[in-house]
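The block underneath contains the structure these notes are about, expressed in C-alpha cells.
The values are calculated or read from the model by the stated rules, or taken from the named source; none is laboratory data. Quantities reported herein were computed from a predicted structural model and do not represent experimental measurements. Every residue, glycine among them, receives a Cβ derived from its backbone with ideal geometry; neighbour counts consider all protein chains shown. To get the accessible areas, we keep the full protein, side chains included, count just its heavy atoms, and leave off ligands, DNA and RNA. Shrake-Rupley method; radii C 1.70, N 1.55, O 1.52, S 1.80 Å.
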Amino acid sequence: MAHEVIHKTAAPAVAPNLADYDRARASFDWQQARDGLAGLPDGKGVNIAHEAVDRHVAEGRGDRTALRCVGRDDRVRPVTYAGLARRSARFANVLRGLGVGRGDRVFTLLGRCPELYETALGTLKNTSVLCPLFSAFGPEPVRQRMRLGGARVLVTTGELYRRKVAGIRQELPGLEHVLLVGPEDEPPPGTSSYEELTDAAPQDFTIPPTDGEDTALLHFTSGTTGTPKGAVHVHGAVAAHRATAAFALDLHPDDVFWCTADPGWVTGTSYGIVAPLALGATVVVDEGDFDARRWYRILADEHVTVWYTAPTAVRMLMRATPRQGPHDLPRGYDLSRLRFVASVGEPLNPEAVLWGRDVLGLPVHDNWWQTETGCIMIANFAACDIRPGSMGRPLPGVEAAVLECGEDGRALVAGGRVTVLERPDADGELALRPGWPSMFRGYLDDEARTAACFADGWYLTGDLARRDADGYFWFVGRADDVIKSAGHLIGPFEVESALMEHPAVAEAGVIGRPDEVAGTVVKAFVSLRPGVEPGPGLQRELLAFARRRLGPAVAPREIAFDQNLPRTRSGKVVRRLLRARELGLPEGDVSTLEGTP
Ligand code: ATP
Ligand code: MG
C-alpha cells in the first residue's frame, strides 16, 4: 500500500523536548520521570495515590477540579482534588478498620462513578492492591478473576451484586467484605453499606511508607488470545504513567482530558485514573454507554482538550458520521477546544486517521502498548508527522526492536540468543528492552508464563511488527493471528485496512483458512455500513477491490458478510474465534467476549 503522511508544522502544545524527537530520545532517562514525582513526605517512598491527589492538595491546588462525572442523565458531578483526597482517605480508613492491609486485594465491580475513583485511590493509600473489574462482566468472568486474584474485599452496587456475585459467593471463601454503593432497602446478607462506612470514617489518613516496588495494581489482560492473565504492577509505575501522558498524549495540567476506556481495562486505569490526576489535569468521567451524539456532546460541552479513545469507538463514530457527508454531526457541536486525539487497543486503520482529520478536524494519533507494559510504548506524537496506519515511534526511554521469527510467528531463540532484524521493513516479533517503571512484575502465580515472555534480555510482546527506514513501527498482527499463505506471511491488519477503504465496509476481520492447494487462503469477514445490502455483486466487487489494493498473493480469496463480528468487551475483533467458528473448532475461553453472560 502507498502510505500517506500527515505533516505537522507546529503542534499547539507539545511536551517541549519532543519537538526534536531524536534529541529527546538521546537525552531522556527514566530517572528524570522519577524525579518529577513528589514522593511521600519525609522520604517515605512513592505511592500512586499521593501523586494523584494528596500531592496537589499539599501544593495548594486542592480546589481545582479533579473529576467531572457526566451521569446517564447528563447531570455533571464535579469533584475537586481536595474532595477526592478526603473521600479516598475515608475509604482507606474503612479498609484499615476492617483489618485489610498491605498487599490485600480489593476488587471493584462498578460503573464509572466518583465512588470508583475514591475506592481505587483509597485502596492505594492503604497499600492494598487494586483490581478493577469491568462492570459489564457476567458472573463467570467475575468469579474467575476474583478467584485468581484472591479477592478479600469487593466494592460494587446492590444491583450488580445480585446479578453477578450473589450466586457465586460461596465459591469465593476468601471474599470477606462486600461493600455496596448506593441506598438499599433490603441489603443482601453478607454485605455492608459503602456510604455508611465511609461517612463514619475519619477524613485524615496518613499513607504508610510505600516502596516503589510494592504491588499496587492487579490488571487482567483483555483475554483476546485466551484465558486472561493477571499482570502485577507496582507503585513506582506512576512515574511512567505521568511522563508518558505528557509525551504521547500531550497532556498538561490545564487540560480537560477524557479517556473513554473503562478502568476494568488497563487503559482506563493508567490513563483514566492515574496519569491525568498525577499531572493535575481535569478528568471527564462518562457514566453512560457509547452513543455518537452523546459523545460529540460531551466533547463539546465539557470543553475536552485531549481525548484518548479506541479504534472500535472511532469506527462507530465513522459509521454514524462518515467522512463523506451529508450529516449534521459533528458539525452541530463546537469541538474547537479539542487539541489532540489518540487511540489504543487494536490497530487503527489509516481510514480512521484520515476520518479524524476530515470530520473532527484533527487526525487520530495511534499508539501501542499492552497490559504488561503498563504505559504507552510506541506512539504518534503531537510534534511529529503521522504515518496513517503506523503505531508511531518508541517513546523516549523505550528501546524497541523487531526479532527474527520462526514458523510459529514467535521470536526464534537459539542457544538463549535472539536475532534483531536491523534491515527496514522486515517482519518479526516486536520486543522491548525492559527497564521502564511500569513494566509488569510478572503474571500473578504464573512464573512459567512470565518467564516465557523473556529471552536474551528482551521482553517478547507476542505481536508481529515491522519498522520502516525512518523508525516508524507498523503493526502486522498478533503472533497467533498471522496467516502464512503460499509462502507469504500475511498480517490480517493490512488486509482489513484495505477492505475498510471501500465505502460499503464498516469493519473487517481476516483469518487464514486451510486450503489443499495453497496451504492457507485468506478469508475476510466483513460488516457493512448502514443501508448497504449484502449480495454476490458486492462480494465480487470487494474481492476485486482488495486484489487491486493488495495484489493477488495477499488479497482475500473469500469474503463473507457478518454484521456481528465477535469482539472482546473492550471492543477488539477476535480473529481466533472467527477461525474457530470457520473450522468448527472449540471456541476456547470466551469469558471476555461481548454477548457472553
Ligand atoms: P490477551 O493478552 O489476554 O490475549 P490482549 O493482548 O488483547 O489480551 P491487552 O493487554 O489489553 O490484552 O492488549 C494489548 C494488545 O492489544 C497488544 O499486544 C496488541 O496486540 C493490541 N494493540 C494495542 N494497541 C495496539 C495498536 N495501536 N495497534 C495494534 N495493536 C494494538
Ligand atoms: Mg496480550
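Some values worked out for this structure:
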read-out: Residue match in the stretch 429-439 (condition: of a type outside the set (Val, Ile, Thr) and farther than 24 Å from residue 28 by Cβ); value: yes
read-out: Test for residue 389: is it over 19 Å from the mean Cα position of the chain (by Cα), within 14 Å of ligand 1 (Cβ to nearest atom), assigned to a loop (DSSP other than H, G, I, E, B) and surrounded by 20 or more Cβ atoms within 10 Å (Cβ to Cβ); value: no
read-out: Positions within the stretch 464-486 being of a type in the set (D, E, K, R) and crowded, with 21+ Cβ neighbours inside 10 Å, in sequence order; value: 467, 478, 481
read-out: Those residues of the stretch 466-481 which are closer than 24 Å to residue 220 by Cβ and assigned to a strand (DSSP E or B), in sequence order; value: 475, 477, 478
read-out: Any hit, the stretch 149-170, residues being within 20 Å of residue 221 (Cβ to Cβ), in contact (Cβ under 8 Å) with a residue 12 or more places away in the chain and assigned to a helix (DSSP H, G or I); value: yes
read-out: Test: residue in the stretch 355-363 that is away from ligand 2 (no atom under 16 Å from the Cβ), β-branched (Val, Ile, Thr) and modelled with pLDDT of 95 or more; value: no
read-out: Of all residues making up the stretch 379-401, the number that are acidic (Asp, Glu) and modelled with pLDDT under 95; value: 1
read-out: Index of the failed condition, residue 274 passing every other in (1) assigned by TED's automatic domain parsing to the domain that holds residue 57; (2) more than 21 Å from residue 220 (Cβ to Cβ); (3) in contact (Cβ under 8 Å) with a residue 60 or more places away in the chain; value: (2)
read-out: Filtered residues of the stretch 431-451 (kept if closer than 24 Å to residue 396 by Cα and either in contact (Cβ under 8 Å) with a residue 60 or more places away in the chain or open to solvent by 80 Å² or more (accessible area, probe 1.4 Å) (or both)); value: 433, 435, 436, 437, 438, 439, 440, 441, 442
read-out: Test for residue 374: is it part of a loop (DSSP other than H, G, I, E, B), within 16 Å of ligand 2 (Cβ to nearest atom), open to solvent by 30 Å² or more (accessible area, probe 1.4 Å) and farther than 18 Å from residue 502 by Cα; value: no
read-out: Any chance residue 529 is free of Cβ contacts under 8 Å to residues at least 24 places away in the same chain and either open to solvent by 20 Å² or more (accessible area, probe 1.4 Å) or more than 25 Å from residue 581 (Cα to Cα) (or both); value: no
read-out: Some residue of the stretch 58-70 being open to solvent by 50 Å² or more (accessible area, probe 1.4 Å) and assigned to a strand (DSSP E or B); value: yes
read-out: Subset of the stretch 537-579 (residues that are part of a loop (DSSP other than H, G, I, E, B) and under 29 Å from the mean Cα position of the chain (by Cα)); value: 562, 563, 564, 565, 566, 569, 570, 571, 572, 574
read-out: Residue among 226, 268 that is assigned by TED's automatic domain parsing to the domain that holds residue 88, more than 24 Å from residue 175 (Cβ to Cβ) and touching a residue at least 60 places away in the same chain (Cβ under 8 Å); value: 226
read-out: Residue tally, condition aromatic (Phe, Trp, Tyr) and at pLDDT below 95, over the stretch 182-232; value: 1
read-out: Leading residue by the ranking (farthest from ligand 1 (Cβ to nearest atom)) among those in the stretch 371-382 that are in contact (Cβ under 8 Å) with a residue 40 or more places away in the chain and in contact with an Asp or Glu (Cβ under 8 Å, 6 or more places away or on another chain); value: 382
read-out: Which numbered condition residue 91 fails, given (1) over 22 Å from residue 122 (Cα atoms); (2) open to solvent by less than 50 Å² (accessible area, probe 1.4 Å); (3) assigned by TED's automatic domain parsing to the domain that holds residue 278; value: (1)
read-out: Test result for residue 464, under 13 Å from residue 346 (Cα atoms), under 25 Å from the mean Cα position of the chain (by Cα) and aliphatic (A, V, I, L, M); value: yes
read-out: Some residue of the stretch 487-494 being more than 26 Å from the chain's Cα centre (by Cα), at negative phi, away from ligand 2 (no atom under 15 Å from the Cβ) and surrounded by fewer than 21 Cβ atoms within 10 Å (Cβ to Cβ); value: yes
read-out: Meets criteria (more than 20 Å from the chain's Cα centre (by Cα) and open to solvent by 20 Å² or more (accessible area, probe 1.4 Å)) for residue 402; value: no
read-out: Selection status of residue 121, under 21 Å from residue 176 (Cβ atoms), in the same structural domain as residue 222 (by TED's automatic domain parsing) and of a type outside the set (D, E, K, R); value: no
read-out: Enumeration of residues in the stretch 306-344 that are at pLDDT 90 or above, assigned to a loop (DSSP other than H, G, I, E, B) and either among the aliphatic types (A, V, I, L, M) or touching a Pro at 6+ places or on another chain (Cβ under 6 Å) (or both); value: 310, 335, 338, 339, 344
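Matching residues to (1) touching a Leu at 6+ places or on another chain (Cβ under 6 Å); (2) within 16 Å of ligand 1 (Cβ to nearest atom):
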| site | (1), (2) |
| --- | --- |
| 312 | no, yes |
| 339 | no, no |
| 342 | yes, yes |
| 348 | no, yes |
| 353 | no, yes |
| 363 | no, yes |
| 367 | no, yes |
